[in-house]
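Structure, as structure tokens:
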Amino acid sequence: MGEMTAIAVAITLVGSAIATAWAEKVVGAAAVGAMAENEKLFGKGIVFMVLPETIVLFGFAMAFLLLGKV
């Protein structure tokens, strides 16, 4: 594996993980606040908590695509 490819894969995975953590923090705080006001929003809060996980899945997909360039 080329040195630049390894760095690109690492940056992709780290960037997607940091973006996911930040999004989970923001969405989680908003969901908990909304659920404190209205318990009926629990289902929507859970759905919105799962959505940021797609960011890290896209990061893994990009990493595998970069590894395929070798």
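General remarks:
- Restricting region 34-61 to residues that are of a type in the set (Gly, Ala, Ser) and under 21 Å from the mean Cα position of the chain (by Cα), the residue that is nearest to Ala10 (Cα to Cα): Gly59
Table: residues versus (1) surrounded by 13 or more Cβ atoms within 10 Å (Cβ to Cβ); (2) of a type in the set (Phe, Trp, Tyr); (3) at pLDDT 90 or above.
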position	(1), (2), (3)
Met4	no, no, no
Trp22	no, yes, yes
Lys25	no, no, yes
Ala29	no, no, yes
Ala34	yes, no, yes
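- From the list Leu51, Leu13, the one residue that fits, being out of contact with any Ser or Thr (no Cβ under 9 Å at 6 or more places or on another chain) and surrounded by 15 or more Cβ atoms within 10 Å (Cβ to Cβ), is Leu13.
The values are calculated or read from the model by the stated rules, or taken from the named source; none is laboratory data. As the structure is a prediction and not an experimental result, all values here were calculated from the model. Every residue, glycine among them, receives a Cβ derived from its backbone with ideal geometry; neighbour counts consider all protein chains shown.
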